[in-house]
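Enquirer: I have a structure I would like to understand better, so I am pasting it below and will then ask my questions one at a time.
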Amino acid sequence: MFSSIFWAVALTSSLACVITTLGITVISRYEKWGIDNAVYFMSFAAGALVYVGAFHLLPAVERENKRFTLLSMAAGIIVAPIIVLSKGSMLKGVPLVQLYSGPAGRLQTC
């Protein structure tokens with residue numbers, strides 16, 4: 001009746017639900033620890049996004065086999081950190097808590 005794909009999707013989505021709930025519980029219980037380590041959480045998330053993007057783009061680049069395809073991808077990978085680092089320089093001296101906190105000094109929730 002159900003294929004193995006259904007069970008794989010059901011299992012992974014249930015696992016994601018449990019992990020997300022656990023993460024929200026830990027962060028809300030240990031708020032100061034979460035604020036102090038927010039930079040590491042954001043770095044991990046950014047790295048995961050870059051990895052997933054590159055993981056899906058690299059096979060397409062290899063299949064394309066045009067003259068400047070690989071060069072363009074390499075240039076994008078080199079330019080991306082430069083853009084990120086130049087944007088971050090505008091925030092020097094601003095505490096991370098100030099960037100993500102509301103008027104009461106507590107983290108904003110959606």
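A short reminder: the numbers here are calculations on the coordinates, not readings from a lab. All values derive from a computational prediction rather than experimental measurement. In this analysis, Cβ positions are derived from the backbone assuming ideal geometry, glycine residues included, and neighbour counts consider all displayed protein chains.
Enquirer: Would you mind computing, in nm to one decimal, how far apart the modelled labels at Val61 and Ser13 are, each placed 7 Å from Cα along Cα→Cβ?
Expert: Here the answer is 3.3 nm between the modelled labels.
Enquirer: Pop the C-beta distance of Phe44 and Ala75 into the FRET formula with R0 = 30 Å and round what comes out to the nearest 0.05.
Expert: 0.70
Enquirer: Where does each of Ser43, Ser4 land when they are ranked from fewest to most other beta-carbon atoms within 10 angstrom?
Expert: Listed from fewest to most nearby Cβ atoms, that is Ser4, Ser43.
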